[in-house]
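Heads up: the structure comes next, in structure tokens.
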Amino acid sequence: MEDPTPLFQASICVDEWGLPSQVATELIGLFLETAQAFLTFVHPTTFIRRFMRQVGEKQKLIEPEAVSNDEAFMIYSMLAVATRFSKSSYFDNVPPASRDDILTRRASALKDSILKNIQEPSLDFVEACVILAFHHLSAGRIGPGSVLISVCIRFAYDLSLDVIDDDGNLFTVVDGCAEKRVEDNSESWLKKEECRRLWWSIWELDIFISTLSIHPYGIARGEIKVLLPAPNDNWLRGVPTQSAFIHHHCESTWKSLINCPNQSARSWFLVANHIKSDIILHARRLSGTSAASKQMLEMNLCNFKLSLPSDFQLRSLYFTDDNQEQNNWIVAIHLIIATCETILERSSCHREDDYNLTWNPTTQGNALFSKRITSYIYQVGQVWTAEFIRYCHPFISCAVMVPSCTDVYDSELAIQGREVARLIMTHIAQYWGLGSTMLRLLSFIEQGVDTEIDPPARKERQALLKQYSVLLPSMSRRKVSHDGRPEKLPDQDPVIQLSTTGSATTSHQVFNDDGITAVPQAQNAMDSQTDLTSMHPLGCHLDIVPATCDLAGQVFL
């Protein structure tokens, strides 16, 4: 492997991979034991065969000089993700979420070097991009993560990952029985399953960042010719398994895994995420969502919840080391359901009052919903023990945030719900920067956007409220002035619309490729109307993600 930048020589550490050999080997083991649960396309046995060497009675990570740049990029990205889980004395006195700096810079340097001369991407390179994008987003670095996701999507289409199963190899139901031909060759199935898992990881990243940014989804809506991933046990053992496609019509998405041999929690989670994306998409319709459309979305969500396997019920969960991966996905499914219900409930509130500063949402119906959704969060907290929360998918911290803020007033119920959410996010924040960000956001919501605070905190509050406005209750989503204080909107149509001229209305920051250093970006003239592109940092990447679309407009999140 050839060093792409002087960054390697500048490192004060002369050990392989910039780490002591035993630490690098330990980190790879930790990645395969922990992060592989949500970066599922990395096959442990295959990785060990390719990149680990037997030295005496122990295994050792291969030397950097023995791998290609694409492979080194992937390994550095894996090491960066795994540092948070290490108990090595090498990281003494360094917080888990702050150990990745040098490794992240090296991964980014390799990525930039490869992109300068790339023709057709290798699978290793795309996988490395996904790992690094996930790493940025889980650390709360939304800007560089979003740019890298756009690269992942482009290369996914270049490699035809979106049609990996467009070969007539369909899953069907005949007389109530599941029938589908699967590959006879285990090795062939493993390679194809790796591509499926990579596609779904890219799709998941796209759903996440598009939801936060209120931008169009990068991956085209409609039929996806990629089967849902097989159960992880089958994947790890190389056992070909029947699966199914996601039904892309909103009214039937919940049926995707009915009568399917594949009942993995990960696949059910992806179906839940698809349902959430449909709800988000309808929330952006310029003319709003009709009563019939909203009823269809509610019915789809209701049927999905009722069709979950019996062992997916919260009250039946009992966490152990052996089942924590599956159970974490099950908890995530329920948090997605709670998030969807909260979004739909917010759409039922009086839209004309969304920005009325005197409106009090504590009506009887809203109070009953808050009570029910808070009870839902309680049930999650009762089965989800601290030792296993830290191993959940870090994006789930956002799914904890939404239902915990059904009532922004200091009712006893609201306080209790936020306490449970805070404790859950505290455990996530021990390892993931995104969890820490959600904790800060929750504290600002509790303080109230009207509260006078010192200038540095006010600047932070302003940035967080803009960047994560989609997660907030309506009373916390009022227009925020440049000094971080809310402004009363003039008497006007309360529908918020994206600017049809594409004009930007904010000042923002652009992150360097290492995702750590920020540089200032020039301001454009302010528009007198609220422009949602000004609410999010992705406005600085309008050359990559379109600033406007006919789906974006009225928002009732």
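The values are calculated or read from the model by the stated rules, or taken from the named source; none is laboratory data. Since the model is a prediction, treat every value here as computed from it, not as a measurement. So basically every Cβ, Gly included, is an ideal-geometry build from the backbone, and we count neighbours across all protein chains shown.
Every condition in (1) in contact with a helix residue (DSSP H, G or I) (Cβ under 8 Å, 6 or more places away or on another chain); (2) closer than 30 Å to His43 by Cβ; (3) buried (at least 19 other Cβ atoms within 10 Å of the Cβ) is met by Asn232 except one, and the failing one is (3). Between Cys152, Cys177, Cys195, the distinction of being closer than 28 Å to Leu257 by Cβ and at pLDDT below 95 belongs to Cys177 only.
For segment 405-425, a tally of residues being among the small types (Gly, Ala, Ser), at pLDDT below 80 and either in contact with an Asp or Glu (Cβ under 9 Å, 6 or more places away or on another chain) or loosely packed, with under 14 Cβ neighbours inside 10 Å (or both) returns 1. Scanning segment 77-97 for residues that are of a type in the set (Gly, Ala, Ser), closer than 17 Å to Gly18 by Cβ and within 20 Å of the chain's Cα centre (by Cα) returns Ser77, Ala80, Ala82. Condition check: in a loop (DSSP other than H, G, I, E, B) and in contact (Cβ under 8 Å) with a residue 12 or more places away in the chain. Does His247 satisfy that? So His247 fails the test. The single condition among (1) touching a residue at least 40 places away in the same chain (Cβ under 8 Å); (2) of a type in the set (Val, Ile, Thr); (3) assigned to a loop (DSSP other than H, G, I, E, B); (4) out of contact with any Ser or Thr (no Cβ under 8 Å at 6 or more places or on another chain) that Ile330 does not satisfy is (3).
If you go through segment 431-473 and keep only what is polar (S, T, N, Q) and either within 15 Å of Thr211 (Cα to Cα) or crowded, with 16+ Cβ neighbours inside 10 Å (or both), you end up with Ser436, Thr437, Gln462, Gln467, Ser469. Between Asp124, Asp101, the distinction of being outside the structural domain of Gln36 (by TED's automatic domain parsing), surrounded by fewer than 19 Cβ atoms within 10 Å (Cβ to Cβ) and closer than 19 Å to Leu27 by Cβ belongs to Asp124 only. State whether one or more residues within segment 203-213 are more than 17 Å from Phe395 (Cβ to Cβ), of a type outside the set (Lys, Arg) and outside the structural domain of Glu341 (by TED's automatic domain parsing). The answer is no, given that none of the residues of segment 203-213 is more than 17 Å from Phe395 (Cβ to Cβ), of a type outside the set (Lys, Arg) and outside the structural domain of Glu341 (by TED's automatic domain parsing). Scanning segment 97-131 for residues being over 22 Å from Glu193 (Cβ atoms) and not in a loop (DSSP other than H, G, I, E, B) gives a total of 19.
Conditions tested, residue by residue: (1) closer than 22 Å to Leu205 by Cβ; (2) in a helix (DSSP H, G or I); (3) modelled with pLDDT of 95 or more.
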| position | (1), (2), (3) |
| --- | --- |
| Gln263 | no, no, yes |
| Arg266 | yes, yes, yes |
| Arg285 | no, no, no |
| Thr289 | no, no, no |
| Lys294 | no, yes, no |
| Asp322 | no, no, no |
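Once segment 304-320 is narrowed to residues that are in contact with a Ser or Thr (Cβ under 9 Å, 6 or more places away or on another chain) and surrounded by 15 or more Cβ atoms within 10 Å (Cβ to Cβ), the residue that is modelled with the lowest pLDDT is Phe319.
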